[in-house]
Amino acid sequence: MALNLLEARQQLHGGALEEHDAFKLLADIASHGAFVNRDEARELLIRFLARRDELSTPLHEILQGLVREHGLFPYLRDIAELPTADRLAFEMHRPTPAIGDDVVFHAEQAAVYERLMSGENVILSAPTSFGKSLVVDAILAAGRYRNAAVVVPTIALMDETRRRLAKLADQYKVITHGSQRRGERNLYVMTQERLLELGGIPDLDFFVIDEFYKLDPHHSDDRAVQLNVLFHRLLSTGAQFYLLGPNIASIAGGTSERLRASFVNTGFTTVVTDVDRVHAGAAELPNALADVCTETGPGTLVFCKSPPRVREVTKWLVDRGVGAGNLHPVLGQVADWVGQAYHPEWYVGKALRHGIGVHHGKLPRALAHHIVRLFNDGRLPYLLVTSTLIEGVNTSAKSVVVLDNKIATKKYDYFTFSNIRGRSGRMFRHFVGRVVVFNPEPHAADLTVDAPILSQPDDVADEILIHLPEAELSPRSKEQLRPYLEQTLLSLETLRENKGVPLSWQLQTADQIASDRRRWMRTLAWNGTYPTSAQVRDLAPLLFMLTGSGNAVRTARQLGARVNMLRSQQGDFKALVEQAVSRGTSADNAMESELEFLRNWAQFKIPTAFAALEKIANDTLGPERFTASSTAVFANELENLFLPSFAAVLEEYGLPISLTLKLRHQLDLGRASGLDEVLDRLREIDAPPSTLGPFEREMLADTQRTL
């Protein structure tokens with residue numbers, strides 16, 4: 001009789017597992033895998049593993065044999081008692097050299113590893129639970145490369161990757177920041193922007209691009225331009241590469257033809273997922289969500305469409321008592337610290353007292369890291385997130401609740417939904433993950449990834465094409481670029497160097513300067529290291545032309561005012577929030593507005609605009625008319641939030657600014673010659689100030705462990 005998948009799943013879901021029934025089910029799984037469908041058999045096998053402790057010794061031996069047959073070697077137990085052939089197969093799936101006593105590959109991991117070890121370029125599409133990053137670790141640990149790079153999409157993922165690869169510190173100098181010194185052998189762990197900012201691509205032997213589907217602008221944002229530019233430059237080094245991402249069906253023809261690589265598309269998973277649908281109208285949603293979260297319990301991640309939605313949903317759950325009772329004592333300590341370091345009325349601190357954490361793109365980086373760490377440790381029961389967490393940072397969620405079917409205001413597609421769904425379950429911890437959705441699933445669709453810098457499709461961005469040598473441009477691309485190549489305002493070099501700034505914005509800015517040379521010459525040529533507040537206001541229209549508008553900055557006047565306010569407060573975040581609150585803004589709105597300005601504008605968009613403006617002004621006015629060094633110094637101070645040197649950078653390492661300032665004398669920030677020197681001093685702190693609270697001490701220790 002053929003195996004009934006639905007009945008088998010129900011049988012393994014709960015209730016007593018009698019010896020006879022378990023034996024028959026194992027036999028049916030073996031037959032189904034051999035003659036019908038291995039993927040379905042593996043799914044049932046993983047469900048069985050969640051109940052392996054209920055099995056008698058003879059049945060456990062049968063289960064072990066099936067685990068070995070399906071290549072799930074990490075799930076084998078009692079290795080010394082295995083038959084010789086099984087033990088040999090187990091050992092053959094260890095990476096060489098070993099990267100830990102307990103690290104062994106499953107069959108498909110081993111196949112990818114062998115391809116890379118043989119020198120192949122590999123493009124891997126695999127589910128979240130595949131363990132794609134473990135292959136990266138093993139390849140790097142093999143010590144075959146002198147210089148390697150791992151390119152990640154976010155600073156949060158950069159920090160997670162750096163921490164994971166800290167175990168290779170005896171082999172590589174791990175570099176995440178441009179100010180760090182190079183070693184004899186280097187491992188660059190950076191976002192695309194940061195690697196491009198190095199000035200020249202290092203002489204690499206190997207590179208990795210994580211979440212490589214972001215090369216395709218149709219599945220990414222405007223940062224796809226810089227990722228394409230970087231990818232082209234990395235390919236030009238001739239280095240071996242490994243591109244990895246989830247749920248990708250194929251590589252577009254134009255891109256595939258240019259890449260000498262093996263495309264491995266596998267659905268091999270090490271956890272399985274049950275998906276349930278909840279039907280609830282808008283009025284019923286708060287109560288329905290609270291009921292679901294109470295049922296799923298600790299280890300529940302809730303996906304929301306935006307930071308404002310996270311705040312709204314947090315209030316729903318707090319008001320309905322979700323998470324309250326029998327909480328870990330550390331959560332009270334964290335909430336106290338959040339109130340002291342940021343604002344006592346901020347909802348993030350209040351939610352932590354109820355066992356609810358939040359994670360979105362407007363949180364301070366260090367705080368976001370520690371909230372995820374507490375969730376993964378099992379000390380924080382619930383985590384409400386937006387797409388910023390889904391796109392890379394690993395969590396140990398048993399259950400995922402998909403409340404919204406949008407990212408901001410745009411409905412997500414099947415690919416994004418699959419990525420969200422893939423966050424449920426965790427190898428060795430949660431064999432069976434659960435996903436609860438409040439909206440219909442998007443229609444299934446295969447995802448094809450294109451790298452437009454290689455294929456030059458009809459809709460390729462000008463900002464991508466401008467970086468290609470003329471010999472590589474197609475006739476149509478040459479025609480598309482003709483207006484930029486024939487204009488005389490800006491050099492081709494300037495247009496290329498101002499990566500991240502649209503070409504049309506650059507030319508508009510140059511035209512504005514050229515239209516009133518005398519005015520802008522006075523504005524740009526300030527005396528002294530820094531411009532005055534009035535000069536910042538006068539300069540703001542040019543900067544705004546290069547940044548565009550956004551939620552935190554809607555006008556040129558507002559841009560100038562916020563920069564001047566930040567400078568006048570010398571980066572005192574609490575003072576900035578208090579000022580906003582005193583003007584009638586709620587603490588929550590003030591926190592989110594100030595945090596968005598600091599992260600997205602002060603530390604990225606405006607310094608980028610300053611750097612672009614320097615080059616544009618030099619082209620338009622002539623270098624002798626423009627004090628470029630003053631611009632660079634001021635932009636650097638702005639990027640550091642006018643704080644002591646490296647205080648803002650240490651946020652990326654998990655050390656909040658408020659904690660860094662308490663350690664400033666031990667770190668000797670004022671006299672540090674570079675980030676490496678600060679990190680060395682940070683490692684050596686063994687007697688932190690007595691004024692540190694218990695959670696501050698925990699954060700310091702966590703940072704030191706992975707330096």
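The values are calculated or read from the model by the stated rules, or taken from the named source; none is laboratory data. Please read all numbers here as calculations on a predicted model, not as lab measurements. No Cβ is skipped: glycine too gets one built from the backbone with ideal geometry, and neighbour counts run over all protein chains shown.
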Looking at segment 338-346, can you tell me whether even one residue there is under 24 Å from T294 (Cβ atoms) and crowded, with 23+ Cβ neighbours inside 10 Å?
no
Breaking point among (1) surrounded by 22 or more Cβ atoms within 10 Å (Cβ to Cβ); (2) more than 23 Å from A107 (Cα to Cα); (3) polar (S, T, N, Q), for Q171:
(1)
Candidate set: segment 360-417, residues that are of a type in the set (G, A, S) and more than 17 Å from the chain's Cα centre (by Cα); chosen: the one nearest to V338 (Cα to Cα):
G378
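Please find, among E596, E637, E592, the residue that is of a type in the set (D, E, K, R) and farther than 25 Å from G178 by Cβ. Break it down stepwise before answering.
Details: E596 fails: farther than 25 Å from G178 by Cβ; E637 fails: farther than 25 Å from G178 by Cβ.
Among E596, E637, E592, only E592 is of a type in the set (D, E, K, R) and farther than 25 Å from G178 by Cβ.
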Just checking, does segment 15-35 include any residue being surrounded by fewer than 18 Cβ atoms within 10 Å (Cβ to Cβ), under 36 Å from the mean Cα position of the chain (by Cα) and assigned to a helix (DSSP H, G or I)?
no
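Can you find a residue in segment 218-238 that is in a strand (DSSP E or B), modelled with pLDDT of 95 or more, touching a strand residue (DSSP E or B) at 6+ places or on another chain (Cβ under 6 Å) and farther than 29 Å from L367 by Cβ?
No; the residues of segment 218-238 include none that is in a strand (DSSP E or B), modelled with pLDDT of 95 or more, touching a strand residue (DSSP E or B) at 6+ places or on another chain (Cβ under 6 Å) and farther than 29 Å from L367 by Cβ.
For every residue, the table says whether it meets (1) surrounded by 23 or more Cβ atoms within 10 Å (Cβ to Cβ); (2) not hydroxyl-bearing (S, T, Y).
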residue: H177; (1), (2): no, yes
residue: R182; (1), (2): no, yes
residue: I209; (1), (2): yes, yes
residue: S220; (1), (2): no, no
residue: V229; (1), (2): no, yes
residue: R233; (1), (2): no, yes
residue: S236; (1), (2): no, no
residue: L244; (1), (2): yes, yes
When residues of segment 443-452 are filtered for being part of a loop (DSSP other than H, G, I, E, B) and closer than 21 Å to L230 by Cβ, how many remain?
2
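Looking at segment 566-587, which of its residues are within 19 Å of S658 (Cα to Cα) and in a helix (DSSP H, G or I)?
L566, R567, S568, F573, K574, A575, L576, V577, E578, Q579, A587
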Take the conditions modelled with pLDDT under 95 and under 19 Å from T608 (Cβ atoms) and apply them to P531. Does it pass?
yes
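What number of residues within segment 327-342 satisfy the criterion of being in a loop (DSSP other than H, G, I, E, B) and small (G, A, S)?
Total satisfying the criteria: 0.
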Among the residues of segment 497-520, which ones are closer than 14 Å to L542 by Cα and among the aliphatic types (A, V, I, L, M)?
V501, L507, A510, I513, A514
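Out of L613, L638, L643, L650, report the one residue that is under 24 Å from T161 (Cβ atoms) and modelled with pLDDT of 90 or more.
L650
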Quick test of your reading of the structure: P452 fulfils all but one of (1) surrounded by fewer than 22 Cβ atoms within 10 Å (Cβ to Cβ); (2) more than 30 Å from G355 (Cα to Cα); (3) not hydroxyl-bearing (S, T, Y). Name the failing condition by number.
(1)
Total residues in segment 291-321, condition outside any helix (DSSP H, G or I) and hydrophobic (A, V, I, L, M, F, W, C):
4
Within segment 1-49, how many residues are touching a strand residue (DSSP E or B) at 6+ places or on another chain (Cβ under 9 Å) and of a type in the set (D, E)?
1
State yes or no: is A561 among the small types (G, A, S) and either at pLDDT 95 or above or farther than 28 Å from K662 by Cβ (or both)?
yes
Does L473 satisfy being surrounded by fewer than 19 Cβ atoms within 10 Å (Cβ to Cβ) and within 21 Å of L546 (Cα to Cα)?
no
If you take the residues of segment 546-565 that are touching a helix residue (DSSP H, G or I) at 6+ places or on another chain (Cβ under 6 Å) and among the aliphatic types (A, V, I, L, M), which of them is nearest to L576 (Cα to Cα)?
V563
Does L66 count as under 21 Å from G131 (Cβ atoms), of a type in the set (A, V, I, L, M, F, W, C) and surrounded by 12 or more Cβ atoms within 10 Å (Cβ to Cβ)?
yes
Given A280, A288, A324, which one is in a loop (DSSP other than H, G, I, E, B), surrounded by fewer than 24 Cβ atoms within 10 Å (Cβ to Cβ) and either touching a residue at least 60 places away in the same chain (Cβ under 8 Å) or in contact with an Asp or Glu (Cβ under 8 Å, 6 or more places away or on another chain) (or both)?
A280
Looking for something out of contact with any strand residue (DSSP E or B) (no Cβ under 6 Å at 6 or more places or on another chain) and of a type in the set (A, V, I, L, M) - is there at least one such residue anywhere in segment 296-303?
no
Consider only pairs whose beta carbons are under 9 Å apart and that are at least six residues apart or on different chains; among these, list those whose first residue lies in segment 512-526 and is farther than 11 Å from N618 by Cα and at pLDDT 90 or above and whose second residue is surrounded by fewer than 16 Cβ atoms within 10 Å (Cβ to Cβ) and of a type in the set (A, V, I, L, M).
W520/A514
All conditions in (1) under 22 Å from the mean Cα position of the chain (by Cα); (2) assigned to a helix (DSSP H, G or I) are true of L187 except (2)
Return yes or no: is E479 touching a helix residue (DSSP H, G or I) at 6+ places or on another chain (Cβ under 8 Å), loosely packed, with under 14 Cβ neighbours inside 10 Å and over 29 Å from T631 (Cα atoms)?
no
Is it true that some residue in segment 25-37 is free of Cβ contacts under 8 Å to residues at least 60 places away in the same chain, in contact with a His (Cβ under 8 Å, 6 or more places away or on another chain) and small (G, A, S)?
yes
Determine which member of the set V318, V358 is touching a residue at least 40 places away in the same chain (Cβ under 8 Å) and more than 20 Å from A575 (Cβ to Cβ).
V358
Output the number of the condition that L638 fails; it satisfies all remaining conditions of (1) crowded, with 17+ Cβ neighbours inside 10 Å; (2) over 30 Å from T523 (Cα atoms).
(2)
